[in-house]
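Trainee: Input: one structure, supplied below.
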Amino acid sequence: MWRFVLKRLLHMIPLLLGVSLLTFLLMSLAPGNYFTALKQNPQVSPETIARLQSQFHLDKPWYVQYFFWLENVCRGNFGYSMAYKIPATSLIFQRLWNTFVLSFFAMLIAWGIAIPLGIWAAVKKDSWVDRFCSLISFVGLSISDILLSLLALWFAASTGWFPIGGAQSPVHDLMTPAQQFWDYTHHLILPALVLAAADLAGIMRQMRSNLLDTLRAEYITAARARGLGEGWVIYKHALRNAINPLLTIFGYSLAALLSGAFIVENIMAWPGLGRLTLEAFFAKDSYLVVDCVVMATALLVIGNFIADILLAWSDPRIRLK
């Protein structure tokens, strides 16, 4: 198992290097840089702009900039954000935490609701329960994240039940720890529900389909023939084998959550990594864009890594292979 884990970890290194190199190349193809707009400001002298460009290595070819950036990253330094005027490391990890919390709670909501509903729909096949779950799944898959985010904003504005935008209130620092926790959670609920909607629908359909296939298997028929109770047959024998394929899509589920989080964050003004990436891109803060893309890729790779570990733990044939 440890050999399997080590191989998966080593596979991450060339992937992250390739993503960072490609991002640098694409950013170099965009016209201008952060200091291009400053050249139009008469209060900033050309000498100052030239000095700043030299300081940030923006006067050198993109591949030279890349190696300067890579050297700093290997030392744990993600550079300096020219747009925000602060070290990129603290900025990225603050926004990365918000994206992680949003994706994590959306995943808990999606999987925590989808698995029981999928089991219920499979056990009550062709009943009103099954039709109701199919309706939920159809609606969740049909409505895009953009439209659902806009509907959520309209709902929050109409009812006043949820705050609009941000991760905390303006008076957050004046609150007690308990009030701060509730304030952050209150801002989190609506974006997490929006992000979980499409993932919930897909997982529920997959769970229902897997369990129905498993319940038709011969060993399930044999278990029933031995006189085992229906609940024991479903939850002891069928459910583990039905859930096993879901571990495979766990990584893809996290990928969908991260891509959806970039949309939800920008529409609902959640201060996460996706919103930071877009702001940095429009500001032509190239180093910050690369940092954000690499961090998002790292989250995605870690999600797939966890899925691989869970699948290998569940099925010994995978780690032996």
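Trainee: For the stretch 174-242, I need the span (max minus min coordinate) of the C-alpha atoms along each principal axis, in Å, sorted largest to smallest.
Mentor: Result for the stretch 174-242: principal-axis Cα extents of 65, 24, 13 Å.
Trainee: Among rounded, prolate and oblate, which fits the stretch 1-40 when a ≥ b ≥ c are the square roots of the eigenvalues of its C-alpha gyration tensor, a/c under 1.5 means rounded, and a/b larger than b/c means prolate?
Mentor: prolate
Trainee: Accessible area of V171, 1.4 Å probe, to the nearest 10 Å²?
Mentor: Counting only protein heavy atoms, V171 exposes about 80 Å² to solvent.
Trainee: Quick one: how many Å² of I113 are accessible to a 1.4 Å probe, rounded to 10?
Mentor: Taking all protein chains as shown, I113 has close to 80 Å².
Trainee: Any idea what the relative contact order of the chain is, in percent, if you count C-alpha pairs under 8 Å spaced at least 6 apart?
Mentor: 26 percent
Trainee: Can you match Cα extents along the principal axes in Å to one of these, (1) 87, 54, 38; (2) 57, 46, 43; (3) 62, 43, 29, based on a calculation from the structure here?
Mentor: (1)
Trainee: Further question: What do you reckon, how do W62, W97, W69 stack up by accessible area (1.4 Å probe), largest on top?
Mentor: Descending accessible area places them as W97, W62, W69.
Trainee: By the gyration tensor of its Cα atoms, with a ≥ b ≥ c the square roots of the eigenvalues, what is the shape of the stretch 96-162: rounded for a/c under 1.5, prolate for a/b over b/c, or oblate?
Mentor: oblate
Trainee: Can you give me the accessible area per residue for the chain, using a 1.4 Å probe, in Å²?
Mentor: 56 Å²
Trainee: Right, next: Determine how large the accessible area of K124 is when every protein chain is in place; take a 1.4 Å probe and give Å² rounded to the nearest 10.
Mentor: 100 Å²
Trainee: Holding the Cα-Cα limit at 28 Å, pick out from K7/K85; K125/K236; K39/K85; K7/K236 the pairs that are longer than that.
Mentor: Too far apart for the 28 Å limit: K7/K85; K7/K236.
Trainee: For the stretch 6-78, report the % of Cα-Cα distances exceeding 19 Å.
Mentor: Of all Cα-Cα pairs in the stretch 6-78, 48 percent lie more than 19 Å apart.
Trainee: Between 0 and 90 degrees, rounded to the nearest ten: what's the tilt of helix 250-268 against the longest Cα principal axis of the chain?
Mentor: 50 degrees
Trainee: Work out the length of the dipole vector of the chain about its Cα centre, built from +1 on the beta-carbon of each Lys and Arg and -1 on the beta-carbon of each Asp and Glu, and round it to the nearest 20 debye.
Mentor: Computed about the Cα centre, the dipole is about 1000 debye.
Trainee: Another question, then. Tell me the angle of helix 46-55 to the major Cα principal axis of the chain, expressed in degrees between 0 and 90 and rounded to the nearest ten.
Mentor: 50 degrees
Trainee: Oh, and also: Grab the DSSP H runs of the chain that are 4 residues or longer, score each as -39,500 (n - 2.57), total them, divide by all residues and round the 222 nm result to the nearest 500 deg cm²/dmol.
Mentor: Helix-only estimate at 222 nm: -25000 deg cm²/dmol.
Trainee: Calculate the length of the line joining the C-alpha centroid of the stretch 270-284 to that of the stretch 157-219, in whole Å.
Mentor: 22 Å
Trainee: How do the peptides 72-81, 29-38 rank, highest first, by the average count of neighbouring beta carbon atoms within 10 Å per residue?
Mentor: So the peptides 72-81, 29-38, ranked by packing, come out 72-81, 29-38.
Trainee: To two decimal places, what compactness ratio does the stretch 13-158 give when its Cα radius of gyration is scaled by 2.2 N^0.38 Å?
Mentor: Rounded to two decimals, the normalised Rg is 1.66.
Trainee: Another question, then. With unit charges on the beta carbons (Lys and Arg positive, Asp and Glu negative) and the dipole taken about the Cα centre of the chain, which residue among L288, I113, L211 sits farthest to the positive side?
Mentor: L211
Trainee: Treat each spin label as a single point 7 Å out from the Cα along the C-beta direction, and report the F132 to A283 distance in nm.
Mentor: It is 4.9 nm.
Trainee: Just check the stretch 107-225 against the gyration tensor rule for me: Cα atoms, a ≥ b ≥ c as the square roots of the eigenvalues, rounded for a/c under 1.5, and otherwise prolate or oblate depending on whether a/b exceeds b/c.
Mentor: Verdict is prolate for the stretch 107-225.
Trainee: Counting other Cβ atoms within 10 Å of each Cβ, which trypsin sites (Lys or Arg not before Pro) in the stretch 136-224 have at most 13 and sit in a DSSP loop?
Mentor: R216
Trainee: Would you please give the residues with an amide H less than 5 Å from that of Y80, counting only those at least 5 places away or on a separate chain, with H modeled from the backbone geometry?
Mentor: A88
The values are calculated or read from the model by the stated rules, or taken from the named source; none is laboratory data. In this text the structure is predicted, and so the values were computed from the model without any measurement. Note that we place each Cβ from the backbone using ideal geometry, even for glycine, and neighbour counts take in every protein chain shown. Surface areas here come from the heavy atoms of the whole protein model, side chains and all, with no ligands, DNA or RNA. Shrake-Rupley method; radii C 1.70, N 1.55, O 1.52, S 1.80 Å.
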